[in-house]
Amino acid sequence: MARKRTNRRASRNRGGSRRRDTGSLRFSRKNGILGLAGLLVIVLGYALLAQGSITAAPLLLVLGYLVLLPLALVL
């Protein structure tokens, strides 16, 4: 007769103690503010780029894409 397979992790965790899922992302107000600031800086950079700015627009785009948006995801 074949033995019934059980999931060892599931059977160990049935005791009522719940583990905290450390792999999920939890966003706070600070993340939202940084993300929104990053998007606004990027939109402003593209608007300046459309007007012909060759100094401020690239700086704002780099700031938005490489600084603010990653900080919004990491912090």
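The values are calculated or read from the model by the stated rules, or taken from the named source; none is laboratory data. Keep in mind that this is a model prediction, so the values were computed, not measured. For neighbour counting, all protein chains shown are included, and Cβ atoms are generated from backbone atoms with ideal geometry for every residue, glycine included.
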- Item | Among (1) at pLDDT 65 or above; (2) assigned to a helix (DSSP H, G or I), the one test that Ser24 misses | (2)
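Output the number of residues of segment 27-75 satisfying the condition of being of a type in the set (Ser, Thr, Tyr) and in a helix (DSSP H, G or I).
Just the residues of segment 27-75 that are of a type in the set (Ser, Thr, Tyr), to begin with: 28, 46, 53, 55, 65.
Narrowing further to those that are in a helix (DSSP H, G or I): 46, 65.
Selection size over segment 27-75: 2.
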- Query: Looking only at segment 47-61, which residues are over 18 Å from Ala72 (Cβ atoms) and either crowded, with 16+ Cβ neighbours inside 10 Å or not aliphatic (A, V, I, L, M) (or both)?
  - Reply: Leu48, Gln51, Gly52, Ser53, Thr55, Ala57, Pro58
